[in-house]
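**Q** Here's a structure for you.
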């Protein structure tokens, strides 16, 4: 799906989802001006009065300003002609972070988290016993093929052990792997999650001695404390002398140690290039400007790339610098990255490379080569004569790019002319830059291999393998294969989440650049691409759920996420299709079943799933940033717009501006579920004691209720069913105590991480939170009972042969005391027929809260073929019922045809679904669940003899072709002897394909006398063998006995002849 630029400021796309929006999308273009027509950004660091700063220069530093950065961004937008992102989406992510933690004018206090977290970090350093750890990671549980674990800024290889890798996450801390990315763990004590990590230096003489570059050097949307040092393998961290004060708002980009002197190190920051000669005891600023990258040529010569300025060279370890001319840069170089490798085969020690993006458009500017240690440069490829190395297409023919977000470069240590450049994709040259190809593409287009989009780090290993760090995690390119090594990296940057109120274990999570993921006990899949925000389930309508993307793109699904329908966009000046905030408030109304509400510039609600809308205005033209609805009054609503709060109810019938609050950014608003006069307001402020205010009289008077909270922004407020109030800060979850009039931390074991959403999961007695950098976590509710649980699913084939139904219940324990075993009662019902059984499971180790296990299997014989409703109810002899019963349907196919169905998605599979129908009755027997792009699923089917229709629907309108992205999908249905019943690969069938087929039992069951028919003689043989327990002649279901299922198999084919080829 494409989306175009909101009329009042931003533009880009969500990956293809609703092609009918494409026409509207391409109307908004972002520019590729004629060089020389746009003002150059290469200004001195102290910009003279009268000259305009580039927008990126307003993103950090003591004078950082969201208003000024946005204004500069808008003013330069007229030069755009490219329909896809020119860095806008990354810019909007930073803007969201900055606004929620500083408002429109104040800058984010980058080091405030480190200062406010001191007591919390000291507590976390003393790890509690496992039995005391209440919080546990919930999701994502896996990494989909075209999904992602989360962003990685840099991958570093331990010089002491080549199999020991480090991964630097911008909002998840520092991770490491001892087995080349097969498994991952947090490095050291888990206290660094809110700090952006951009680079790492490992002391070549001491494996426990590391320097950490904090701050998100690519996106700028996390905290920073300068350079941290550990001398004990991550057990403790301390800031070096190069640390930043709160008001400085600075970021570290790179750490570059001297090639032979371990006490000499350059550190690149957005303030400038710093140097230490004494192992970090002191640092000197040796060159101003945003020093993105540096390469040592030898012991005295180094070259630095300074954003919006150019390349500079020193011959005396940084005492003096000389500007180097970059031919054909046209004074438009933005971000610059450098690469060199003095030991590369066939490469002079003086050979090095540089690549740059255009300072505003953020697309490819040029690639240069130097053979004299950076003194002079030759442009080997430019935007005019070479492919766009930073764009989206595999051909490089587009003009897009986002260099300030993703730009990296590396030289192969074994081949000095082989250089890799990373932007959205990975590009490769084998001749020093004269010719290029795209071997790794964000959608696997053409002959390219797939890796997640947006490359931030390239490491070429000694054996030629390539390690990538990107927006999806860590990938390894080896020969003809690219492997995703992100499993185990719990670094998802969440925005919002949802808990199904009626189905245990059903969640949705909206994440940064990795879409909205639907999570169920038996699977998880992305149901919406791009950046995912607020989502929720409608318990009144089976299969109905809602999700949202940026600026108020709203979606509904009526089939459990298999397809999504756009119900609101941001293409109009007013009404439900007006533009909303980056994260538009979107909720299900607690007082009106089925009503959905979105707060954009005005408030909009719909009672028919988004088909029609009613709008309430009167709040001005600013976009809404938070909203609270009341279960006591269908018209009662609190809406926050930056620092202002509006109120409306059934008595006022119009919005009124609330007075008496601090003039600072509102984080969240909440209305008491039992008292409509009581409101809670939180703030995105760093002033101690100003985090949460409360009123008991609808805003006439206010009280400050911030005691016990850290001096950090509070982004979410939630009231639990028992009336308790919890809030989320950048240090975790806090519970309000009315008796002490103070907040306290809730639970133990939660990483110190920004909490952006909190939901109560009553069915599993847990509190679930979404974090910005560590995924989704859960802990027991304060009111959780001692013994509780729920059956969340049944592991079983949905069609089963031989009159025997089998399966294993999935059980989630949600009590607070250990559970040693559980019974479950089974009922299989068809019409008036009811079959019951009880199964006991003893656990090897007692279950604790949050454990999910597979119980022992049930096996019941059923007398009839057809659909059976199977219900499972867990219970304990001591505690009685453990949760509500779980029901599903299973088809007993009798003497059926066994087949295998395999489906592999194309690179835009989010809009594909299928159903298997009975050709005569058109009853739906089986249907798809959401399948992520390029993932593969395989199912075993057992179908009764007869004819069927496999019906495919593709909302994208291109079938299996993957025409938009170049990676096709398909399916195969094979019989019991691996014979092909039906298949398709890459077929463009448009929007619908119906495949008719018939199946028959391919061998002659129950023809015991071999006369080619199942007759009375065969039935008598069966009856004479009935009850046999071993070596049975009439055992048709191969269970070493002759019983009811064998008799039913016989009767299902009685009188039929055998067709034998």
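The values are calculated or read from the model by the stated rules, or taken from the named source; none is laboratory data. On a predicted model such as this, the values are computed, not experimentally measured, just so you know. Positions of Cβ are backbone-derived with ideal geometry, glycine not excepted, and every protein chain shown enters the neighbour counts.
**Q** Which residue, of 884, 934, is at positive phi and in contact with a strand residue (DSSP E or B) (Cβ under 8 Å, 6 or more places away or on another chain)? If you could, list the steps in order and put the result at the bottom.
**A** Numbers: 884 fails: at positive phi.
None of the other options fit; the residue is 934.
**Q** Out of 1045, 1041, I need the residue that is buried (at least 18 other Cβ atoms within 10 Å of the Cβ), under 51 Å from the mean Cα position of the chain (by Cα) and either outside any loop (DSSP other than H, G, I, E, B) or modelled with pLDDT of 80 or more (or both). Which one? Spell out the reasoning first.
**A** Details: 1041 fails: buried (at least 18 other Cβ atoms within 10 Å of the Cβ).
One residue alone meets the criteria, 1045.
**Q** With respect to residue 512, is the statement that it is closer than 30 Å to residue 851 by Cα and touching a helix residue (DSSP H, G or I) at 6+ places or on another chain (Cβ under 7 Å) true?
**A** On the way: closer than 30 Å to residue 851 by Cα: yes; touching a helix residue (DSSP H, G or I) at 6+ places or on another chain (Cβ under 7 Å): yes.
Here the answer is yes, as residue 512 does meet what is asked.
**Q** If you check residue 643 against the conditions, is it at pLDDT below 95 and closer than 26 Å to residue 662 by Cα? First the steps, then the outcome.
**A** Values: at pLDDT below 95: yes; closer than 26 Å to residue 662 by Cα: yes.
Spelling it out, residue 643 is indeed at pLDDT below 95 and closer than 26 Å to residue 662 by Cα.
**Q** Looking at (1) without any contact (Cβ under 8 Å) to a residue 40 or more places away in the chain; (2) within 14 Å of the chain's Cα centre (by Cα); (3) in a strand (DSSP E or B), can you tell me which one residue 532 breaks?
**A** Of everything listed in (1) without any contact (Cβ under 8 Å) to a residue 40 or more places away in the chain; (2) within 14 Å of the chain's Cα centre (by Cα); (3) in a strand (DSSP E or B), residue 532 misses just condition (3).
**Q** Looking at (1) in the same structural domain as residue 534 (by TED's automatic domain parsing); (2) touching a residue at least 12 places away in the same chain (Cβ under 8 Å); (3) in a loop (DSSP other than H, G, I, E, B), which is the only condition residue 597 fails?
**A** (3)
**Q** Only one of these conditions is not met by residue 355: (1) part of a loop (DSSP other than H, G, I, E, B); (2) within 37 Å of the chain's Cα centre (by Cα); (3) modelled with pLDDT of 95 or more. Which number is it?
**A** If we test residue 355 against (1) part of a loop (DSSP other than H, G, I, E, B); (2) within 37 Å of the chain's Cα centre (by Cα); (3) modelled with pLDDT of 95 or more, just (1) comes out false.
**Q** Is it the case that residue 479 is surrounded by fewer than 24 Cβ atoms within 10 Å (Cβ to Cβ) and assigned by TED's automatic domain parsing to the domain that holds residue 192? First the steps, then the outcome.
**A** Numbers: surrounded by fewer than 24 Cβ atoms within 10 Å (Cβ to Cβ): yes; assigned by TED's automatic domain parsing to the domain that holds residue 192: yes.
Taking the combined requirement at face value, the residue satisfies it.
**Q** How many residues does segment 288-310 contain that are at negative phi and under 38 Å from the mean Cα position of the chain (by Cα)?
**A** Of all residues in segment 288-310, those at negative phi come to 288, 290-307, 309.
Going one step further and asking which of them are under 38 Å from the mean Cα position of the chain (by Cα), we end up with 288, 290-296, 303-307, 309.
Total satisfying the criteria: 14.
For every residue, the table says whether it meets (1) farther than 30 Å from residue 119 by Cα; (2) in contact with a helix residue (DSSP H, G or I) (Cβ under 8 Å, 6 or more places away or on another chain); (3) not assigned by TED's automatic domain parsing to the domain that holds residue 630.
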residue	(1), (2), (3)
675	yes, no, no
680	no, no, no
683	no, no, no
687	no, no, no
712	no, yes, no
716	no, no, no
719	no, no, no
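**Q** Just one of the numbered conditions (1) touching a residue at least 12 places away in the same chain (Cβ under 8 Å); (2) farther than 21 Å from residue 1053 by Cα; (3) surrounded by fewer than 16 Cβ atoms within 10 Å (Cβ to Cβ); (4) out of contact with any strand residue (DSSP E or B) (no Cβ under 6 Å at 6 or more places or on another chain) is not true of residue 923; which one?
**A** Of everything listed in (1) touching a residue at least 12 places away in the same chain (Cβ under 8 Å); (2) farther than 21 Å from residue 1053 by Cα; (3) surrounded by fewer than 16 Cβ atoms within 10 Å (Cβ to Cβ); (4) out of contact with any strand residue (DSSP E or B) (no Cβ under 6 Å at 6 or more places or on another chain), residue 923 misses just condition (1).
**Q** With the requirement that a residue be surrounded by 24 or more Cβ atoms within 10 Å (Cβ to Cβ) and on the phi > 0 side of the Ramachandran plot, what does segment 531-564 give you?
**A** Within segment 531-564, 551, 552, 561 qualify.
**Q** Of everything in segment 850-870 that's out of contact with any helix residue (DSSP H, G or I) (no Cβ under 9 Å at 6 or more places or on another chain) and not in a strand (DSSP E or B), which residue is farthest from residue 1050 (Cα to Cα)?
**A** Taking segment 850-870 first, the residues out of contact with any helix residue (DSSP H, G or I) (no Cβ under 9 Å at 6 or more places or on another chain) are 851-860, 866-870.
Restricting the remaining residues to those that are not in a strand (DSSP E or B) gives 851, 855-857.
Numbers: 851: 43, 855: 32, 856: 29, 857: 26 Å.
Only one residue tops the list, namely 851.
**Q** Can you name the condition, by its number, that residue 276 falls short on among (1) within 18 Å of residue 377 (Cβ to Cβ); (2) surrounded by fewer than 24 Cβ atoms within 10 Å (Cβ to Cβ); (3) without any contact (Cβ under 8 Å) to a residue 60 or more places away in the chain?
**A** Failing condition for residue 276: (1).
**Q** Given the criterion over 30 Å from the mean Cα position of the chain (by Cα) and crowded, with 24+ Cβ neighbours inside 10 Å, identify the matching residue among 403, 381, 451.
**A** Values: 403 fails: over 30 Å from the mean Cα position of the chain (by Cα); 451 fails: over 30 Å from the mean Cα position of the chain (by Cα).
When all the criteria are applied, what remains is 381.
**Q** Still on this structure: Which of the numbered conditions does residue 715 fail, given that it passes all the others? Conditions: (1) part of a loop (DSSP other than H, G, I, E, B); (2) within 30 Å of residue 764 (Cα to Cα).
**A** Against the list (1) part of a loop (DSSP other than H, G, I, E, B); (2) within 30 Å of residue 764 (Cα to Cα), residue 715 comes up short only on (1).
**Q** Now for a different question. Of the residues 514, 470, which is within 13 Å of the chain's Cα centre (by Cα), surrounded by 22 or more Cβ atoms within 10 Å (Cβ to Cβ) and over 24 Å from residue 912 (Cβ atoms)?
**A** 470
**Q** If I filter segment 256-263 for residues that are closer than 19 Å to residue 195 by Cβ and surrounded by fewer than 20 Cβ atoms within 10 Å (Cβ to Cβ), do I get at least one hit?
**A** First, the residues of segment 256-263 that are closer than 19 Å to residue 195 by Cβ: none.
Looking through segment 256-263, none of the residues is closer than 19 Å to residue 195 by Cβ and surrounded by fewer than 20 Cβ atoms within 10 Å (Cβ to Cβ).
**Q** For segment 413-525, give me every one of the strands (runs of 3 or more DSSP E) that falls completely inside it and has 1 or more residues that are out of contact with any strand residue (DSSP E or B) (no Cβ under 9 Å at 6 or more places or on another chain) and in contact (Cβ under 8 Å) with a residue 24 or more places away in the chain.
**A** Details: elements: 415-422, 426-429, 437-441, 455-460, 466-470, 473-478, 481-484, 494-499, 507-511, 516-520.
Hits in segment 413-525: 415-422.
**Q** May I pose another question? Tell me which residues, restricted to segment 190-230, are surrounded by fewer than 20 Cβ atoms within 10 Å (Cβ to Cβ) and outside any strand (DSSP E or B).
**A** Passing the criteria: 203, 204, 205, 206, 207, 208, 209.
**Q** Can you pull out every residue in segment 937-974 that is crowded, with 22+ Cβ neighbours inside 10 Å, out of contact with any strand residue (DSSP E or B) (no Cβ under 7 Å at 6 or more places or on another chain) and at positive phi?
**A** 962
**Q** Can you tell me which residue among 319, 323, 290 is under 22 Å from residue 57 (Cβ atoms) and either surrounded by fewer than 18 Cβ atoms within 10 Å (Cβ to Cβ) or touching a helix residue (DSSP H, G or I) at 6+ places or on another chain (Cβ under 7 Å) (or both)? Reasoning before the result, please.
**A** Numbers: 319 fails: under 22 Å from residue 57 (Cβ atoms); 290 fails: either surrounded by fewer than 18 Cβ atoms within 10 Å (Cβ to Cβ) or touching a helix residue (DSSP H, G or I) at 6+ places or on another chain (Cβ under 7 Å) (or both).
Result of the check over 319, 323, 290: 323.
**Q** Any residue at all in segment 361-374 that is free of Cβ contacts under 8 Å to residues at least 60 places away in the same chain, buried (at least 24 other Cβ atoms within 10 Å of the Cβ) and within 31 Å of the chain's Cα centre (by Cα)?
**A** Yes - at least one qualifying residue is present in segment 361-374.
**Q** Still on this structure, I have one more. All but one of (1) buried (at least 18 other Cβ atoms within 10 Å of the Cβ); (2) part of a loop (DSSP other than H, G, I, E, B); (3) at pLDDT 80 or above; (4) touching a helix residue (DSSP H, G or I) at 6+ places or on another chain (Cβ under 8 Å) hold for residue 1022, so report the exception by its number.
**A** Answer for residue 1022: the failing condition is (2).
**Q** State whether the residues of segment 240-248 include one that is in a strand (DSSP E or B) and either in the same structural domain as residue 338 (by TED's automatic domain parsing) or touching a helix residue (DSSP H, G or I) at 6+ places or on another chain (Cβ under 6 Å) (or both). Working first, answer last.
**A** Filtering segment 240-248 down to residues in a strand (DSSP E or B) leaves none.
No, segment 240-248 contains no residue that is in a strand (DSSP E or B) and either in the same structural domain as residue 338 (by TED's automatic domain parsing) or touching a helix residue (DSSP H, G or I) at 6+ places or on another chain (Cβ under 6 Å) (or both).
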